[in-house]
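The values are calculated or read from the model by the stated rules, or taken from the named source; none is laboratory data. All values reported here derive from a predicted model rather than from experimental measurement. Positions of Cβ are backbone-derived with ideal geometry, glycine not excepted, and every protein chain shown enters the neighbour counts.
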Amino acid sequence: MASRAIPTAVQCSQIPHSVPFVLEHIGRALWARGYTSQGLFTLLTCYFDDAGGVDHGYTVVAGWIASVEQWAAFTKDWEDLLSEYGLESFTMKECAQWQGPFKCWCEDQRKLFIRRACQILKTHVRYGFASIVQHAEYQRVNEAYTLKEYTKSEYALAGITAVRAASDWAARNHPGIPMECIFHQGTKGHGGLSDLMLEELKFSPIFRSASEQEGPRPVIPLQVADFLAYEVRKVRKDDPSETRPIEKHRMSLRMLISVPNDWGQYTEQDLIEMCERHPRIEKRTAN
């Protein structure tokens with residue numbers, strides 16, 4: 001699975017309250033006396049969520065990257081859209097399955113909302129990333145190599161793969177600009193992801209809620225990470241062999257694909273080759 005607009009500057013006082021308050025502290029930690037509020041806006045931030053799991057047979061981690069300035073502008077436009085439609089928050093599962101606040105919507109209303117949501121994404125985000133780890137392949141390779149001992153779980157491996165893709169993109173396009181990664185909280189195995197990222201990348205992710213219902217100070221961009229993770233999970237379910245023409249896929253996926261992206265999944269051979277190359281993953285010995 002693969003495919004391969006910047007707002008004007010805003011002042012600190014204009015950043016919506018739901019943009020992570022930790023970013024100023026990150027900026028001060030990185031630049032010390034050289035910190036300025038303008039420098040803060042050049043920070044790159046990724047927001048990731050997951051989908052799938054054991055019951056699906058595969059795990060997806062997906063998300064988006066943009067500057068702090070772009071995320072601030074995104075958050076304002078996104079909250080305005082939700083307010084216009086009388087929504088307190090957004091999850092793609094509820095929208096796609098006519099649940100919660102979407103249960104009384106008509107199809108035309110939902111299509112228009114999705115179009116506008118995707119247009120906001122296209123306006124403000126820079127790039128999308130998604131990684132899929134198939135559980136059966138992971139378990140088979142784990143029988144021959146110490147894959148799980150090192151990577152912790154399918155979720156952790158998918159997560160660090162998406163983060164590494166984002167880091168590589170940032171290094172190519174914005175060398176020297178710091179990047180922070182924020183994940184949706186609550187997923188089982190988040191401790192393993194933190195440990196793996198600290199070992200491999202020398203920094204840890206931040207975990208936050210996506211809505212007021214989940215916890216205080218929600219991080220609104222996580223709602224569109226959920227959007228992407230849901231759609232990648234759905235296309236993996238509907239078209240596992242990746243043979244369906246793009247025009248046959250649902251409108252929401254077609255619109256998301258129009259945003260530059262790097263989506264991929266591990267095959268069993270990919271996992272074997274990774275284990276063979278990695279100095280910390282060993283081949284198991286026969287008892």
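Brief remarks on what is shown
Here's the yes/no breakdown for (1) touching a Ser or Thr at 6+ places or on another chain (Cβ under 6 Å); (2) modelled with pLDDT of 95 or more; (3) surrounded by 15 or more Cβ atoms within 10 Å (Cβ to Cβ):
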site: 31; (1), (2), (3): no, no, no
site: 40; (1), (2), (3): no, no, yes
site: 47; (1), (2), (3): no, yes, yes
site: 78; (1), (2), (3): no, yes, yes
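- Some residue of the stretch 145-165 being farther than 21 Å from residue 275 by Cβ and buried (at least 22 other Cβ atoms within 10 Å of the Cβ): no
- Residue tally, condition farther than 16 Å from residue 211 by Cα, in a helix (DSSP H, G or I) and either touching a helix residue (DSSP H, G or I) at 6+ places or on another chain (Cβ under 7 Å) or among the hydrophobic types (A, V, I, L, M, F, W, C) (or both), over the stretch 78-107: 2
- Out of 144, 136, 166, one residue alone is small (Gly, Ala, Ser), closer than 23 Å to residue 222 by Cα and out of contact with any Gly (no Cβ under 6 Å at 6 or more places or on another chain). It is 166.
- Single residue of the stretch 171-187 satisfying the filter (out of contact with any Phe, Trp or Tyr (no Cβ under 9 Å at 6 or more places or on another chain) and assigned to a helix (DSSP H, G or I)) that is farthest from residue 149 (Cα to Cα): 172
- Among residues of the stretch 171-188, those that are out of contact with any strand residue (DSSP E or B) (no Cβ under 8 Å at 6 or more places or on another chain) and buried (at least 18 other Cβ atoms within 10 Å of the Cβ), counted: 0
- Residue list for the stretch 189-206, restricted to those being at negative phi, of a type outside the set (S, T, N, Q) and surrounded by fewer than 17 Cβ atoms within 10 Å (Cβ to Cβ): 191, 195, 198, 199, 200, 201, 203
- Unique residue being in contact with a strand residue (DSSP E or B) (Cβ under 8 Å, 6 or more places away or on another chain), buried (at least 19 other Cβ atoms within 10 Å of the Cβ) and either within 21 Å of residue 161 (Cβ to Cβ) or at pLDDT 90 or above (or both) when the list is 233, 284: 233
- Cβ pairs under 9 Å, 6+ apart, first in the stretch 90-103 and at positive phi and surrounded by fewer than 16 Cβ atoms within 10 Å (Cβ to Cβ), second in a helix (DSSP H, G or I) and among the acidic types (Asp, Glu): 100/94
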